[in-house]
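Since the structure comes first, as structure tokens, the remarks are kept for the end.
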Amino acid sequence: MVAVLHEQPLLPHLVVRCLDEFADAPCIHTSTGVMTYGDVRARTSQFVQAQRHCGIVQGSRLAILSKNRPEVLLNAMASLVNGVILTPLHPMGSLADHAYVIGDAEIACLVYDAEHFSERAAEIKAQYPDVILLGIGPDGVGTDYLALADRFEPATLVAADVHLEDLCTVVYTGGTTGRPKGVVMTQRVWQSMTWIQMAEWEFPTPLRIAVATPLSHAALSLLAPVLTSGGTFYVMEAFSPDAFYDLVEQHRITCTLLVPVMLYALQGHPRY
């Protein structure tokens, strides 16, 4: 009881609080439109219910394989609220890498971009028949995650009963020194990382962040700072210097996250 009394809000609690607090503010901007925090809250609730319908409950292990699209953020929030242990798969990874992670992390469910990774999902299913497949869209391989979520009415979000030492994510290294290695991150790690980010990273106000790197990897680390600031994600499905500069100019982007190769491309561009 003493330990529980002294626990600070964890990431699942922050997600719920922020989605409630900034209900009318823009949360996710894509090429097809804008989702407010209220929209995201409603869709997150539907995703949580869809997960539970498939037997994905607190403590279950779920992997995500997708290009950049808003459903990656929605699934991440739903997984956090549901107390699910999340493992991102790199979109450019090989079948061998993906299959290794699925087995090593004891993944129960694979959420995947049905437009781009249908074949990979089928290959994973062939190796791991018990893995539940939830496709972001219809493809005839897995259950259509979006259609399943549509069957549920949005409900009040309530964070799972998670604590500091409970697992939050298992993130795998790139495998440059051999097989990828799972980095185990507890709720305490995410809580501490959020404190450090908010205290030291000097995020601008208002926070409008251009997301060019994969949402399933580095960009996901900015989930808590953006939400607690009432900021907006501007999601780029694919990176190009011209598209990036257009986004910055049109929407007055105040923050971004890039990998070195993207920065080099921007520096060599006439608009830099």
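The values are calculated or read from the model by the stated rules, or taken from the named source; none is laboratory data. Not measured: the values here are computed from a predicted model. Positions of Cβ are generated from backbone atoms using ideal geometry, with glycine treated the same way; all protein chains shown enter the neighbour counts. For the accessible areas, the whole protein counts, side chains as well, though only heavy atoms, and no ligand, DNA or RNA atoms are used. Shrake-Rupley method; radii C 1.70, N 1.55, O 1.52, S 1.80 Å.
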Go through region 183-200 and report how many residues are in contact with a helix residue (DSSP H, G or I) (Cβ under 7 Å, 6 or more places away or on another chain), more than 20 Å from PRO88 (Cα to Cα) and not aliphatic (A, V, I, L, M).
1
Residue satisfying condition, being within 15 Å of VAL162 (Cβ to Cβ), open to solvent by less than 10 Å² (accessible area, probe 1.4 Å) and touching a strand residue (DSSP E or B) at 6+ places or on another chain (Cβ under 7 Å), within set VAL84, VAL15, VAL40
VAL84
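Yes or no, residue by residue, for (1) in contact with a Pro (Cβ under 7 Å, 6 or more places away or on another chain); (2) surrounded by fewer than 19 Cβ atoms within 10 Å (Cβ to Cβ):
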residue	(1), (2)
THR205	no, yes
ILE209	no, no
LEU222	no, no
LEU227	no, no
THR232	yes, no
VAL235	yes, no
VAL248	no, yes
LEU258	no, yes
PRO270	no, yes
Of the candidates LEU266, LEU222, the one satisfying the condition of being farther than 20 Å from ALA76 by Cβ, aliphatic (A, V, I, L, M) and in contact with a helix residue (DSSP H, G or I) (Cβ under 9 Å, 6 or more places away or on another chain) is LEU266
Within region 97-110, can you find the residues that are open to solvent by less than 70 Å² (accessible area, probe 1.4 Å) and either touching a His at 6+ places or on another chain (Cβ under 6 Å) or modelled with pLDDT of 95 or more (or both)?
HIS98, ALA99, TYR100, VAL101, ILE102, GLY103, ALA105, ILE107, ALA108, CYS109, LEU110
Please work out which residue is nearest to VAL57 (Cα to Cα), limiting yourself to region 111-132 and to residues that are hydrophobic (A, V, I, L, M, F, W, C) and open to solvent by less than 60 Å² (accessible area, probe 1.4 Å).
ILE132
Return yes when ALA210 is assigned to a strand (DSSP E or B) and more than 20 Å from CYS109 (Cβ to Cβ) and no when it is not.
yes
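Residues are listed down the side, and each one gets a yes or a no for (1) open to solvent by 70 Å² or more (accessible area, probe 1.4 Å); (2) assigned to a helix (DSSP H, G or I); (3) touching a residue at least 24 places away in the same chain (Cβ under 8 Å); (4) among the charged types (D, E, K, R):
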position	(1), (2), (3), (4)
LEU146	no, yes, yes, no
ALA149	no, yes, yes, no
THR156	yes, no, yes, no
ALA159	no, no, yes, no
VAL162	no, no, yes, no
THR169	no, no, yes, no
MET193	no, yes, yes, no
Taking region 18-37 and keeping only residues that are of a type in the set (S, T, N, Q), open to solvent by 70 Å² or more (accessible area, probe 1.4 Å) and touching a residue at least 40 places away in the same chain (Cβ under 8 Å), one is left with SER31
Condition check: among the β-branched types (Val, Ile, Thr) and open to solvent by 40 Å² or more (accessible area, probe 1.4 Å). Does VAL141 satisfy that?
yes
